[in-house]
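Report on the structure given below.
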């Protein structure tokens with residue numbers, strides 16, 4: 001007579017270090033959620049008075065209701081970030097491809113270090129450089145654009161004599177988001193399955209044809225997620241935009257005129273020192289709108305990253 005016993009699941013023995021590590025990791029995750037919840041509750045609670053504020057008595061609202069006030073600011077925030085993303089994306093992809101597939105190893109390492117160092121430069125330094133030096137250098141170029149392409153709406157109008165325009169702010173933002181986009185794209189390109197690249201080369205493809213057939217399709221969702229993360233970074237930038245643009249509530253797509261849109265972070269930075277009472281609530285409410293927009297962008301980026309993780313290929 002034979003007896004069979006069902007073997008139960010084998011559990012690894014937990015050591016004290018394992019329990020400490022798992023507990024600290026769980027605690028860190030809970031702290032992040034609590035901080036996010038606390039920030040959300042604070043923004044919502046402080047924003048409620050702004051919705052019922054009297055537009056005539058509130059100096060910041062200037063006679064408009066809250067949504068009429070925040071609308072141009074949302075436009076300026078999204079417009080400047082979109083311009084920066086449009087400028088930075090091809091540069092970041094080109095630099096990442098050069099580092100990962102074209103440059104010699106030593107040159108690629110040196111260039112990678114230089115690109116990564118751009119992320120360590122404080123935003124106030126970018127703002128000073130953009131408002132004082134870069135804008136002055138760009139002003140003759142803006143005159144040339146207006147003379148030759150002034151028939152288009154975006155380059156029409158009266159050219160700014162200082163060069164401190166929304167296009168200058170977008171170029172500064174593009175330099176600021178370049179490191180994060182380049183770093184993510186570089187890592188995604190390097191993760192392309194080697195068999196895919198070798199198969200393309202074995203079929204007689206040139207290096208660029210191999211990149212088009214094997215590298216870029218594999219890295220498509222990774223590049224999109226890098227762009228979305230960079231967009232979230234550009235949406236929340238404060239000091240660089242504040243030091244380049246003057247305070248204005250214009251809604252215009254013209255890029256080189258002295259009348260420019262204003263972003264939410266720049267508006268908060270410029271208005272907050274002199275605000276009091278319900279004026280502070282209005283500024284906090286605009287911060288809540290920025291929080292929602294940035295959270296939505298980062299949530300979309302996380303969704304794309306998760307879809308990218310489901311891809312499987314031979315290595």
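The values are calculated or read from the model by the stated rules, or taken from the named source; none is laboratory data. Since the model is a prediction, treat every value here as computed from it, not as a measurement. Don't worry about glycine lacking a Cβ; one is built from the backbone with ideal geometry, like all the others, and counts go over all protein chains shown.
Scanning for something assigned to a helix (DSSP H, G or I), under 20 Å from residue 268 (Cα atoms) and at pLDDT 75 or above, does the range 5-26 turn up at least one residue? Show your work before the answer.
Quick first cut of the range 5-26, residues assigned to a helix (DSSP H, G or I) only: 16-26.
Cutting the leftovers down to under 20 Å from residue 268 (Cα atoms) gives us none.
No: the range 5-26 contains no residue that is assigned to a helix (DSSP H, G or I), under 20 Å from residue 268 (Cα atoms) and at pLDDT 75 or above.
For the range 27-52, a residue qualifies if it is in contact (Cβ under 8 Å) with a residue 12 or more places away in the chain and farther than 19 Å from residue 264 by Cα, but none of them does.
Tally up the residues in the range 243-254 that are at pLDDT 80 or above and either surrounded by 24 or more Cβ atoms within 10 Å (Cβ to Cβ) or within 22 Å of residue 64 (Cβ to Cβ) (or both), please. Step through it out loud before you land on a result.
As a first pass, look at the range 243-254 and keep what is at pLDDT 80 or above: 243-245, 251-254.
Right, trim to either surrounded by 24 or more Cβ atoms within 10 Å (Cβ to Cβ) or within 22 Å of residue 64 (Cβ to Cβ) (or both) and you get 244-245, 251-253.
Looking only at that region, the number is 5.
Total residues in the range 230-254 satisfying the condition of being in a helix (DSSP H, G or I) and more than 12 Å from the chain's Cα centre (by Cα): the figure is 6. Would you mind stating whether residue 174 is over 23 Å from residue 265 (Cβ atoms) and either in contact (Cβ under 8 Å) with a residue 12 or more places away in the chain or surrounded by 19 or more Cβ atoms within 10 Å (Cβ to Cβ) (or both)? In short, no.
Of all the numbered requirements in (1) part of a loop (DSSP other than H, G, I, E, B); (2) touching a helix residue (DSSP H, G or I) at 6+ places or on another chain (Cβ under 6 Å), residue 285 misses one, and that requirement is (1). If you filter the range 43-70 down to residues that are loosely packed, with under 14 Cβ neighbours inside 10 Å and under 26 Å from the mean Cα position of the chain (by Cα), you find that the one that is modelled with the highest pLDDT is 44.
For the range 193-211, which residues satisfy the criterion of being in contact (Cβ under 8 Å) with a residue 40 or more places away in the chain and buried (at least 19 other Cβ atoms within 10 Å of the Cβ)? If the condition is that a residue be in contact (Cβ under 8 Å) with a residue 40 or more places away in the chain and buried (at least 19 other Cβ atoms within 10 Å of the Cβ), then 211 is the only one that fits. Taking the conditions (1) buried (at least 21 other Cβ atoms within 10 Å of the Cβ); (2) part of a helix (DSSP H, G or I); (3) modelled with pLDDT under 90 in turn, residue 164 satisfies each one other than (2). Number of residues in the range 78-93 that are surrounded by fewer than 20 Cβ atoms within 10 Å (Cβ to Cβ), touching a helix residue (DSSP H, G or I) at 6+ places or on another chain (Cβ under 9 Å) and closer than 17 Å to residue 189 by Cα equals 1.
For the condition free of Cβ contacts under 8 Å to residues at least 24 places away in the same chain, crowded, with 21+ Cβ neighbours inside 10 Å and assigned to a helix (DSSP H, G or I), residue 214 qualifies. Every condition in (1) in a helix (DSSP H, G or I); (2) touching a residue at least 12 places away in the same chain (Cβ under 8 Å); (3) farther than 29 Å from residue 224 by Cβ is met by residue 101 except one, and the failing one is (3).
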